[in-house]
Amino acid sequence: MTPRWARPGPAALGVRGAALVLAAAGLAHTLWRGVHDPGHALAFGALVTIGELARWGALQGEREPAPLGAAGALAYALLGRSGGEPTSQGVLQVVAVLAAAQLVASVPQLARGDGPGADQVARRLLTVTFAAVCFQPLYNAGLCERWFGDGPYYAAFLLLLLGLTALCDAVLAALLLRARTLPRGSRAAPAPYGPFLRDELRALTGIGSAVCATGAVMALGVAAAGLWALPVLCVPLLLTQLSFRRFAAVRTTYRQTIASLARSTEIAGYTPHGHARRVAGLCTAVGREMGLTGPELTVLEYAALMHDIGQLSLVDPVPDGATALLPAAEQRRIALLGGAVVRQTGVDARVAVVVERQADPYREQPLSARIVRAVNAYDDLCGEGLSGPLGALEQLRLGTGHDYQPQVVESLARVLARGGLTPVPLG
């Protein structure tokens, strides 16, 4: 079941609706007017379909799990010539080919249960439409040749267009991520848009720029050599994409190992069921609220999952695993023991530092440790009816002089307000 806090909000529904209208208009227009250059439409449609079928589904959180499909769609949007001869596909035909390829690829994906989400499909369609709208009318009207020719100015125009397309994709991705933080019907203020956009813009130097560059190279290659350039350019990328799935499997196993280690305290009876997952989910939301980047959020999530692992060294379990109620010296001892255990597991050393420092006074802690300490205390105080959500937040505010950073507590309060003052499940 989809958690209440993850249901699509008005912004996500608007993006999906716009993509649906575009897809319907493109398919209807193409069916009514016929397909121009059917060989090219078939070739690029097959390329997008193969790219979607070869997506690395093991990394569900990746920004671009199907780079070959994204590059092929972008190349078709920027295609003006093929083998030196002009092509005649328009914006709506580009939209129709992409929509048809997504529909064909979705059948086996849905059968396997690992198809792309609606937000991802809508974002892809809108981004490619943006590129096609910026390029196709100018090229088909002959303005590109008149203004830029075939030399360096044309290449500079494509680079500018690719930059604008990447920026459009980042804006849409940040908007959709932000929409997931606010439950439908909630009157609370949504999460700040800035941290989401900054994170997406930072990611443009990675897979985003590679996809844009590959799409442009494909379009230029087909313009010079015809459709024979597609297999020459795509086979190496496809092999790389398939090889990456092995890395994806290793990374997934790594995450599962950390989750299993986190559950060891629950299985041994030291912490309540689901405590580590609740703390990790809330920590990730608070970290995003405070502007942490993607890698920093990953370290924070791992540290939150393993923050109680030091309790395994205790002879007598803490009642309900509530370390926030222990004396400060005992909290520090458990934290240091937990950090030592984390270092032995081979997990990133930054995770061990957060676990070790979670019980220090907040002025001496890194930001991730401050978040883990505050969120862990909140969940401990809520457990077994000790205080309840509002009472737990009030106790955290009373401790902001020494134990908890005020900005972290207020960010936690805003996250909880959006979720109805209930612990946020780990997505």
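The values are calculated or read from the model by the stated rules, or taken from the named source; none is laboratory data. What you are looking at is a predicted structure, and each value in this text was computed from that prediction instead of being measured. Backbone-built Cβ (ideal geometry, glycine too); neighbour counts: all protein chains shown. These accessible areas exclude ligands, DNA and RNA; they are computed on the full protein's heavy atoms, side chains included. Shrake-Rupley method; radii C 1.70, N 1.55, O 1.52, S 1.80 Å.
Worth a mention:
- Kirkwood hydrodynamic radius of segment 210-357, from the reciprocal of the average inverse Cα-Cα distance over all distinct pairs: 18.2 Å.
- Extended-chain gain in nm, criterion 0.36 nm per residue less alpha-carbon gap, L160 and L31: 43.2 nm
- The largest-to-smallest principal axis extents of the Cα set in segment 202-261 are 55, 26, 9 Å.
- Rel. contact order, % - alpha carbon contacts under 8 angstrom, at least six apart, segment 238-382: 25 percent
- Hydrophobic long helices, here whole DSSP H runs in the chain with Kyte-Doolittle means of at least 0.0 and Cα atoms spread over 27 Å or more along the helix axis, are found at 10-33, 91-112, 118-140, 152-179, 229-267.
- Put simply, the amide H of G83, placed in the peptide plane, has neighbours under 5 Å in A223, A224, A225, G226, leaving out anything fewer than 5 places away on its chain.
- Ligands, DNA and RNA excluded, the heavy atoms of R288 present near 80 Å² of accessible surface to a 1.4 Å solvent probe.
- FRET efficiency for A18 and V104, using Cβ-Cβ distance with R0 set to 35 Å, rounded to 0.05: 0.95
- Span from the segment 220-249 Cα centroid across to the segment 332-395 one, whole angstrom: 46 Å
- As a length-normalised measure over Cα pairs under 8 Å and 6 or more apart, the relative contact order of the chain settles at 17 percent.
- Computed helical MRE - 222 nm, the chain, DSSP H runs ≥ 4 contributing -39500 (n - 2.57), nearest 500: -23000 deg cm²/dmol
- Per-pair calculated FRET efficiency, R0 = 35 Å: Q256 and A329 via Cβ, rounded to 0.05: 0.50
- Against the criterion of solvent-accessible heavy-atom surface with a 1.4 angstrom probe, E85, E330, E200, E394 sort, most first, into E85, E394, E330, E200.
- Under 5 Å from the amide H of V347 lies no amide H of any residue 5 or more positions distant or on a separate chain, with H modelled from the backbone and absent for Pro and chain starts.
- Area of D150 that stays accessible when all protein chains are in place (1.4 Å probe, Å², to 10): 130 Å²
- For the chain, the fraction of 1.4 Å probe accessible surface lying on carbon and sulfur atoms is 65 percent.
- Accessible surface of M290 - all protein chains present, 1.4 Å probe, nearest 10 Å²: 50 Å²
- Of the residues D403, D379, the one with the largest accessible area comes first in the ranking D403, D379, computed with a 1.4 Å probe on protein heavy atoms.
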